[in-house]
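The values are calculated or read from the model by the stated rules, or taken from the named source; none is laboratory data. On a predicted model such as this, the values are computed, not experimentally measured, just so you know. All Cβ positions, even for glycine, are placed from backbone atoms using ideal geometry, and neighbour counts span all protein chains on display. Side chains included, ligands, DNA and RNA excluded: accessible areas come from the protein's heavy atoms. Shrake-Rupley method; radii C 1.70, N 1.55, O 1.52, S 1.80 Å.
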Amino acid sequence: MAVALAAPGSTFSKQLLFSLLVLVLFCNACQKISLQIPSHLKAGTPVGKVNLEECLKSPSLILSSDPAFRILEDGTIYTTHDLHLSSEQKRFSIFLSDSQRQEQKEIEIELSAREKKVFRKRHTKDPVHTRSKRRWAPIPCSLMENSLGPFPQHVQQIQSDAAQNYTIFYSISGPGVDKEPFNLFFIEKDTGDIYCTRSIDREQYDQFLVYGYATTADGYAPDYPLPLLFKVEDDNDNAPYFETKLTVFSVPENCRSGTSVGQVTAIDNDEPGTLHTRLKYKILQQIPDHPKHFAIHPDTGVITTTSPLLDREKCDTYKLVMEVRDMGGQPFGLFTTGTITISLEDENDNSPYFTQTSYTTEVEENRIDVEILRMMVQDQDLPNTPHSKAVYTILQGNENGNFKITTDPNTNEGVLCVVKPLNYEVNRQVILQIGVLNEAQFTKAVNGQTPTMCTTTVTVKIKDSDEGPECQPPVKIIQSKDGLPAGQELLGYKATDPETSSSEGIRYQKVGDEDNWFEINESTGNLKTLKILDRESKFVKNNQYNISIVAMDAVGRSCTGTLVVLLEDFNDHPPQIDKDLTICQQEKDYAILEPVDLDGPDNGPPFQFFLDNSASKHWTLEPQDGKRAILRQRHNLNYNFYSVPIQIQDRHGFSAKHMLSVRVCDCTVPEECRMSVREERDAKPNVVLGKWAILSMVLGSALLLCILFTCFCVTTTKRTVKKCFPDDVAQQNLIVSNTEGPGEEVTEANIRLPTQTSNICDTSASVGTLGGQGIKTQQSFEMVKGGHTLESSKGAVLGAADAGRYAYTDWQSFTQPRLGEKVYLCGQDEEHKHCEDYVRPYHYEGKGSMAGSVGCCSDRQEEEGLEFLDQLEPKFRTLAKTCVKK
């Protein structure tokens, strides 16, 4: 299959021509390309397209050996005038040259006229040709973006080899045909010529993949569908634009030349990697424009400083008018302008300075926490930042710490205050030197110098005032001997009047004396001992005893001082030691003696240890380092307690005798010591009781026996009390309380069932309390039949009060069947004979419920209440209705 390619023309820049003869002589043949074209071509018609990069990459010069053709940079071949091609082939060459590499290449082009198509119809008897895979294959075709026409423009022609034998019809489908964008391409079904109907925007569609089909009149497809790729060539129709409309950068002032400020970026929607998107940046204007401080890299858009003289205090903001242009910055390229803002960041390159070189103020003596002066400073750096906030310092004149200076956060002023009283009598004025800095460290200024501290002088005049006594020094130390007896006088505390420099008219009082050792003379302030002074007292710390004293003048003004009594140590305490020792035989055969001396180090160790002769038979005493000694057994002693007399003497010979109690035990540590019973008995001292101790023990025992006997008698008496019942009650069926209110307390009663008759309707018993006394105790029921308790498991008679008692459930199970039987008989008798015989009046109590109260019928304890009677109401109501005469 042969492919004929034709494309519409477009406008390109003309190439510069060099000497064709030189290229012919020195170039090397690269490749040979054959193209079939129509026999007649108009001027500006594209003939075809060749790939120049296969021969020579980036040629600087492209020439044609035939002036009838011109070649563009992308390899497209155009006719320069009308061309008539005969049956003979036409040849010409394309010369490529690279001036940098000194290379030349030649591409030979051979053009031949296309044969005229002969139409032939396929018959059904003709043999069917088998499809040959990829027998027709076009070369890529390109379309120019934003083409001006005329439309329709011829794009390409496709032909099938089967057209030599049959009449072939051509069709296409795909984007631009039957898909978005619709009807952009169409094909002449007889010739296979493809046309474009309108201009194309590459930014919307950069290529089209269309499929071509070749079929016979009866629908037979002798070839596979042919993919046709139409690439849209970019036209520089989009100007670049900045990504951000408002761009703000910042850079520190006084920065070095070449400091990066920021980077601007622009976007071009044309085809990437082409000259149409090769952007160049440029600064058109700087505002203010003098001097020039900034530059921009044309390719990257990075802005840098060109001068180290950026000073925020002169100009804090710069504006740059920027331009970005495509086509590598060529004048014919499209461009856009924008404005960026550069702000200078403040640096602490200006020191604060006082508005006055000196200040004068005054203050009364003895005044504290009072403001005496405010000082203003100026700073050219950015306000309300660490670069301008002032920090004041008193450099000289405040050696006694009388003054303090701070910064007012609102006004940035220096506030000078008096924090310690001033004394007019000592100094009548004070001269201060004050310096000021910033919170932030200084940096180098534009001129390369570092700012320094600014200072000023403040003269403070002190005004005199009538003041009270002064306690100077605040703490006074006096010395006294340890053990000084009571009644001795010591030199006390003295206060002075600063106006007269004397102590006349000053009175003294003692306000602090922990152990009340002294009394104070009100006029002189001297002390007098009330107790013996003891250095070893718990109130003495580091040999010192403190007394607080208040001195007052005639008008009540006062001061407070402390008098420290420093006690000199006296050797008045012999060495002491723990007298209870334990020697564990399993661990060691000795004990360590560590005495303690309450006196000071000068009256303490080294100690000397002496063992009494009476104990030297069993013990030895070995001094160690002057502070300890070892008490060792001469031989293994029995487990027992031993008394060991020793004497301990300090360095000055003051000594004391001690009787040590040493326990020898079978143990590893003293806490585990366990001695036998015999050893404990032998070790314990004999105890003899006196006559008064024996008498106390006898009387206590007798009193205890009397109490026990009394309790026994009371208990026995309660158990032997017999319960008595009146005769009239013994023969009744129900014993109830004489009160029938809810929650009442009732007497103990028995429910007895007579043996002489089986009628339960006989209720002629009288009602009353037990024994007529109204005993307020409530017991469980006793069910009795014939004078004996009903089926008592113990077989006891009625007289045994505690025997034969049953619970309420037992009583109910006994009476329920009998009550039911009698109720039934009374109901069957129409003449109510049973009722006449057995129903008796039951103490008429007025109108009310026909079923009277049975509050006494309870076997519950008092604390459980009488709620159970509510459950008995239906039973007794039925009984009452049956037994009442009509």
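For the stretch 180-186, in order, what is each residue's ³J(HN,Hα) by Karplus, 6.51 cos²θ - 1.76 cosθ + 1.60 with θ = phi - 60°, in whole Hz (x at glycine and Pro)?
4, x, 5, 6, 7, 10, 8
Go from 0 up to the bin containing the longest alpha carbon distance in the stretch 379-432, width 10 Å each, and give me the % of pairs per bin.
Spelled out per bin, shortest first, that is 21, 42, 23, 12, 2.
What does the charge count around Gly626 come to, taking other residues whose C-beta lies under 11 Å from its C-beta (Lys +1, Arg +1, Asp -1, Glu -1)? Mind dumping the intermediate values first?
On the way: positive: Lys627, Arg628, Arg651; negative: Asp625, Asp650.
In short, +1.
In whole Å, how far is the Cα centre of the stretch 570-631 from that of the stretch 470-511?
Result: 45 Å between the Cα centres.
Residue by residue, what Karplus-based ³J(HN,Hα) values in Hz, rounded to whole numbers, does the stretch 240-246 have, using 6.51, -1.76 and 1.60 with θ = phi - 60° and x for Gly and Pro?
Result, ordered by residue: x, 9, 6, 5, 10, 5, 10 Hz.
In whole Hz, what ³J(HN,Hα) sequence does the stretch 318-324 give by Karplus (6.51, -1.76, 1.60; θ = phi - 60°), x for Gly and Pro?
Going residue by residue, I get 10, 10, 10, 8, 9, 10, 10 Hz, with x marking Gly and Pro.
Arranged from highest to lowest average of other beta-carbon atoms within 10 Å per residue, in what order do the peptides 155-166, 528-539 appear? Can you show the working numbers first?
Values: 155-166: 20.6, 528-539: 15.9.
Result, highest mean Cβ count within 10 Å first: 155-166, 528-539.
With 27 Å as the limit, write out which pairs from Lys314/Lys404; Lys32/Lys57; Lys541/Lys627 have Cα-Cα distances beyond it, or answer none. Could you put the intermediate results ahead of the total?
Working: Lys314/Lys404 36 Å; Lys32/Lys57 17 Å; Lys541/Lys627 24 Å.
In this structure, Lys314/Lys404 lie more than 27 Å apart at Cα.
From the C-alpha gyration tensor of the stretch 334-387, pull out the three semi-axes of the equivalent ellipsoid (sqrt of 5λ each), sorted largest to smallest, in whole Å.
48, 12, 8
Tally Lys and Arg at +1 and Asp and Glu at -1 over the other residues with C-beta under 10 Å from the C-beta of Ala551: what net charge comes out?
Details: positive: Lys494, Arg507, Arg557; negative: Glu470, Asp497, Asp553.
That works out to 0.
What does the net charge come to around Gly525 if you take all other residues with beta carbon closer than 12 Å to its beta carbon, with K and R at +1 and D and E at -1?
Values: positive: Lys476, Lys494, Arg507, Lys510, Lys528; negative: Glu489, Glu519, Glu522.
Cβ neighbours under 12 Å give a net charge of +2.
When the accessible area of the stretch 396-512 is computed with all protein chains present and a 1.4 Å probe, what percentage of it is carbon and sulfur?
Answer for the stretch 396-512: carbon and sulfur cover 47 percent of the accessible area.
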